[in-house]
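Before any comments, here is the structure.
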Amino acid sequence: MPAANVENALDSDSVISLDTQSDSEDVQDDSGNIVLVGAPIEQSNPLGHEVTLLSSVTLNLGRMLGAGIYSVPGVTLNSVGSIGLLFVFWLLAPLFALGGLMVYSEYASMFPKRSGAEVVYLEQAYPRPQFLVPVAFAVNAVLLDSSATSSIVFAQYVLVIFDVPITPARQTAIAIAVCTVGMAFVGLSTKWSLRAVNFLSVLKVLSIAFLVFTGALVLGGFTRIRDPYANFRSPFSGSTTNPNSLATALVKTSFAFSGWHNAFNVLGEVRTRDPVRTVRKAGLLSLLSVTCLFFFANVAYVAAVPKDEMSSSGQLIAALFFQRVFGQGFAAKTLPIMVALSCFGSILAVTIGQARILREVARQGLLPYPRFFASTKPFGTPLAPVCLRYFLTVFVMVALPAQDAFNFLVDLVSYPGQVFTAATAVGVWLLRRRRSLAGLAPSKYRARNIYVSLYLLGAVFILIMAWVPPEPGHGDVSFWYATYCVVGLGVLALCGVYYWLWIVFLPWLGGYTIVEEVERLDDGALVARLTRKYHPSVAETDNREQQPLLAST
């Protein structure tokens with residue numbers, strides 16, 4: 001059923017039942033775009049249209065300029081073994097991100113009114129088996145998505161600022177506190193959280209620019225560093241060829257660039273005439289600027305910090321940098337304060353984007369109580385998804401050993417994420433073919449195949465090479481190196497079991513078919529509710545009516 005018909009029916013207070021066993025994989029809206037009615041299009045977004053080009057850029061910057069550049073260079077150097085390879089990976093990561101940006105732009109041009117980004121694109125690219133891919137993504141997003149990494153780095157730098165020894169209890173307590181404040185801010189007001197992200201993003205750019213400027217002073221011989229070029233001599237000395245170490249380095253550097261797509265998560269809230277052009281332009285601007293800042297920030301680190309100290313610095317490379325340049329005085333506290341504020345801004349930016357993803361999952365009917373999680377009451381914000389993220393983030397920080405929490409979380413979130421990255425890259429080719437068979441014109445922002453292939457290649461490399469044992473002393477956790485691979489695949493297997501029980505086995509056992517009902521909530525939000533439609537023979541025998549599959553409020 002076309003989306004426009006859904007709108008008309010909803011306006012007359014009716015509920016549309018869509019049999020998920022229909023032979024039609026997709027339908028077309030008034031613009032000729034292929035859509036699945038399972039997540040209905042909201043012609044008037046109840047979250048409003050507060051996002052501009054500036055907001056789009058700062059949403060990306062707010063996520064990218066977070067914990068990554070201040071926490072992963074030392075770990076990356078420990079993995080690759082040489083300064084030369086360190087710089088190579090800080091140039092490779094944005095290339096893969098550029099490929100992803102082009103892929104996302106093509107998807108967005110097909111579905112310009114849909115927020116949620118990857119969950120929407122996977123839903124559209126893989127409509128069969130019904131619900132399999134969105135269910136897998138939903139379970140993965142609910143279980144693994146959190147703001148724990150930024151909260152942990154914030155806690156570590158706050159303790160450094162006040163010269164307090166870092167202990168697991170202190171780190172966890174401060175991380176939970178900042179997570180609470182940040183997510184409460186997002187849950188109370190979209191407008192003010194966006195303004196805070198804008199302000200903190202400017203501060204983040206200034207802080208990294210200050211770091212880069214300080215690095216230039218080091219190279220110019222204007223600081224206490226006696227030989228700033230020592231690490232640049234024989235730059236590839238000590239380089240590793242171990243595939244696991246190279247994959248780990250790519251995971252860590254890609255983590256630093258992971259916010260390039262954040263604006264796509266709020267595509268439906270962009271108020272410009274061409275939302276896709278806006279978020280695409282924002283992605284290019286933010287990715288280019290961050291690539292330059294990150295590269296020269298690493299130059300600054302390498303100029304001031306001896307190679308062996310940098311390799312063993314863990315997440316505190318930025319604090320070590322300023323201590324080496326300025327000693328233990330007040331000036332050495334300046335950058336850690338900026339790092340802490342950057343991490344707080346990252347918590348805000350990530351929560352804004354990821355809450356929209358969870359809301360989109362709820363609107364597909366794939367979360368329990370979908371009406372509750374899709375609602376924007378009482379503050380006009382996705383409060384329920386924000387609260388869900390909060391509780392999961394706190395659980396992760398409490399459950400994991402503090403000394404391994406950051407590296408393990410980065411690796412764990414990355415591994416199943418690479419599966420979805422590969423699926424997203426292949427999916428754009430599938431949608432092109434489907435649109436061509438339907439006689440639809442090519443996407444306005446069609447990605448070149450070289451970009452699609454690049455995006456796919458990075459994901460496949462990490463998925464395969466992560467299983468190769470690392471060289472002794474180059475692992476990034478204190479336990480078995482491939483634990484995150486096993487746990488990540490275990491989460492995906494859990495998704496498969498959940499799907500089979502919910503969509504296949506229980507309907508077969510109970511004699512019913514899963515049907516979608518699209519309804520409008522009081523705040524104007526559209527949500528798909530999955531219900532049981534019993535087979536006629538069973539219904540006549542047991543006199544049972546259609547019942548909700550997932551409870552709703």
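Just one of the listed residues (Thr172, Thr190, Thr167) is open to solvent by 10 Å² or more (accessible area, probe 1.4 Å), under 20 Å from the mean Cα position of the chain (by Cα) and of a type outside the set (Phe, Trp, Tyr), and it is Thr190. From (1) open to solvent by less than 20 Å² (accessible area, probe 1.4 Å); (2) among the hydrophobic types (A, V, I, L, M, F, W, C); (3) touching a residue at least 60 places away in the same chain (Cβ under 8 Å); (4) not in a loop (DSSP other than H, G, I, E, B), pick out the condition that doesn't hold for Ala459. That leaves (3) as the condition not met. Checked against (1) more than 21 Å from Val133 (Cβ to Cβ); (2) not in a loop (DSSP other than H, G, I, E, B), Gly380 meets all criteria but (2).
Looking for something closer than 19 Å to Ser147 by Cα and open to solvent by 20 Å² or more (accessible area, probe 1.4 Å) - is there at least one such residue anywhere in segment 418-434? Taking every residue of segment 418-434 in turn, at least one turns out to be closer than 19 Å to Ser147 by Cα and open to solvent by 20 Å² or more (accessible area, probe 1.4 Å). For Cys179, the conditions (1) in contact with a Leu (Cβ under 7 Å, 6 or more places away or on another chain); (2) open to solvent by less than 20 Å² (accessible area, probe 1.4 Å); (3) not acidic (Asp, Glu) are fulfilled apart from (1).
Residue-by-condition table, conditions (1) part of a helix (DSSP H, G or I); (2) of a type outside the set (D, E, K, R); (3) open to solvent by less than 10 Å² (accessible area, probe 1.4 Å); (4) more than 25 Å from Gln171 (Cα to Cα):
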| residue | (1), (2), (3), (4) |
| --- | --- |
| Arg280 | yes, no, no, yes |
| Leu284 | yes, yes, no, yes |
| Asn298 | yes, yes, yes, yes |
| Tyr301 | yes, yes, yes, no |
| Gly314 | no, yes, no, no |
| Arg324 | yes, no, no, no |
| Ile337 | yes, yes, no, no |
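Val290 satisfies every condition listed in (1) over 21 Å from Ala67 (Cβ atoms); (2) surrounded by 24 or more Cβ atoms within 10 Å (Cβ to Cβ) except (1).
Do we find a residue being in a loop (DSSP other than H, G, I, E, B), on the phi < 0 side of the Ramachandran plot, out of contact with any Pro (no Cβ under 7 Å at 6 or more places or on another chain) and in contact (Cβ under 8 Å) with a residue 60 or more places away in the chain anywhere in segment 401-412? Looking through segment 401-412, at least one residue is in a loop (DSSP other than H, G, I, E, B), on the phi < 0 side of the Ramachandran plot, out of contact with any Pro (no Cβ under 7 Å at 6 or more places or on another chain) and in contact (Cβ under 8 Å) with a residue 60 or more places away in the chain.
Within segment 82-93, being in contact (Cβ under 8 Å) with a residue 40 or more places away in the chain and open to solvent by 10 Å² or more (accessible area, probe 1.4 Å) holds for Leu85, Phe87, Phe89, Leu91, Leu92.
Restricting to segment 360-374, and then to whatever is touching a Ser or Thr at 6+ places or on another chain (Cβ under 8 Å) and open to solvent by 10 Å² or more (accessible area, probe 1.4 Å), can you tell me which residue is modelled with the highest pLDDT? Full working, then the answer.
Just the residues of segment 360-374 that are touching a Ser or Thr at 6+ places or on another chain (Cβ under 8 Å), to begin with: 360, 369-372.
Now drop any that are not open to solvent by 10 Å² or more (accessible area, probe 1.4 Å), which leaves 369, 371-372.
Details: Tyr369: 75, Arg371: 77, Phe372: 83.
If we take residues in segment 360-374 being touching a Ser or Thr at 6+ places or on another chain (Cβ under 8 Å) and open to solvent by 10 Å² or more (accessible area, probe 1.4 Å), then Phe372 is modelled with the highest pLDDT.
Look at Phe322 and say whether it is among the aromatic types (Phe, Trp, Tyr), within 21 Å of the chain's Cα centre (by Cα) and at pLDDT 80 or above. The answer is no for Phe322.
Checked against the criterion of being surrounded by fewer than 24 Cβ atoms within 10 Å (Cβ to Cβ) and under 30 Å from Leu316 (Cβ atoms), the candidates Val394, Val350 yield just one match: Val394. Residues in segment 58-79 that are β-branched (Val, Ile, Thr) and in contact with a Leu (Cβ under 7 Å, 6 or more places away or on another chain): Thr76 alone. State which residue pairs qualify: first residue in contact (Cβ under 8 Å) with a residue 12 or more places away in the chain and within 11 Å of Val339 (Cα to Cα) and inside segment 204-220, second residue of a type outside the set (A, V, I, L, M, F, W, C) and not in a helix (DSSP H, G or I) in any location, beta carbons under 8 Å apart, and separation of 6 or more residues or different chains. Sorted first by the residue in segment 204-220, then by its partner, the pairs are Lys204/Gly66.
The values are calculated or read from the model by the stated rules, or taken from the named source; none is laboratory data. Given the structure is predicted, the values throughout are model-derived calculations rather than measurements. Cβ coordinates were reconstructed from backbone atoms using ideal geometry, including for glycine residues, and neighbour counts include every protein chain displayed. Side chains included, ligands, DNA and RNA excluded: accessible areas come from the protein's heavy atoms. Shrake-Rupley method; radii C 1.70, N 1.55, O 1.52, S 1.80 Å.
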